[in-house]
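Below: the structure, in structure tokens.
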Amino acid sequence: QVQLVESGGGLVQAGGSLRLSCAASGRTFSTMAWFRQAPGKDREFVAGIRWSSRLTYYSDSVKGRFTISRDSAKNTVYLQMNKLQPEDTAVYFCAADPSPAVRREGPYDYWGQGTRVTVSS
């Protein structure tokens, strides 16, 4: 059974940092990504990584503040979030796909349950 389990969300003040983790089990993937959905808004792409090459991709809104990385031994992808702002408040979802393409619009075959990030001003 394939599972993606996110962790690391929480409440942080503006300017602070959080690190999200997404542990995959049941299989390995060629691409993993992070999306987020703020209240009343559509889900949006945040960052993605190609597993074998470690090539990374970011949305313009997080570039320079967020870093996506992966640990093959743990089959885990991370999202280091620095200089957090209130507009980063959202539920963050991990996504994974066997295809080696980081698709900003999806689709992805597998999704986690989400972890909430709240940034206070």
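I'm trying to understand the selection: among the residues of the range 53-72, which are of a type in the set (Gly, Ala, Ser) and within 19 Å of residue 100 (Cα to Cα)?
Residues of the range 53-72 that are of a type in the set (Gly, Ala, Ser), as a first pass: 53, 59, 61, 64, 69, 72.
If the condition is that a residue be of a type in the set (Gly, Ala, Ser) and within 19 Å of residue 100 (Cα to Cα), then 53, 59, 69, 72 are the ones that fit.
Filter the range 70-93 for residues that are assigned to a strand (DSSP E or B) and over 15 Å from residue 18 (Cα atoms) and give the result.
Step one: list which residues in the range 70-93 are assigned to a strand (DSSP E or B), which gives 70-71, 76-81, 90-93.
Within the range 70-93, 70, 71, 76 qualify.
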The residue from 78, 108, 92, 57 that alone is open to solvent by 60 Å² or more (accessible area, probe 1.4 Å) and not polar (S, T, N, Q) is 57
(Q) Given the condition free of Cβ contacts under 8 Å to residues at least 60 places away in the same chain, open to solvent by 80 Å² or more (accessible area, probe 1.4 Å), in a loop (DSSP other than H, G, I, E, B) and under 17 Å from residue 93 (Cβ atoms), answer yes or no: does some residue in the range 16-32 qualify? (A) no
Reported set for the range 60-75 where residues are open to solvent by 50 Å² or more (accessible area, probe 1.4 Å) and closer than 19 Å to residue 2 by Cα is 72, 73, 74
Being within 13 Å of residue 15 (Cα to Cα) and either at pLDDT 95 or above or within 14 Å of the chain's Cα centre (by Cα) (or both) narrows 67, 118, 76 down to just 118
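I'd like to check something: does the range 5-14 contain any residue that is open to solvent by 40 Å² or more (accessible area, probe 1.4 Å) and on the phi > 0 side of the Ramachandran plot? Working first, answer last.
First, the residues of the range 5-14 that are open to solvent by 40 Å² or more (accessible area, probe 1.4 Å): 5, 7, 11, 13-14.
Imposing the further condition that a residue be on the phi > 0 side of the Ramachandran plot reduces the set to none.
Checking the range 5-14: not a single residue is open to solvent by 40 Å² or more (accessible area, probe 1.4 Å) and on the phi > 0 side of the Ramachandran plot.
The values are calculated or read from the model by the stated rules, or taken from the named source; none is laboratory data. As the structure is a prediction and not an experimental result, all values here were calculated from the model. We place every Cβ from the backbone using ideal geometry, glycine too, and count neighbours over all the protein chains shown. Calculation scope for accessible area: heavy atoms of the full protein, side chains included, ligands and nucleic acids excluded. Shrake-Rupley method; radii C 1.70, N 1.55, O 1.52, S 1.80 Å.
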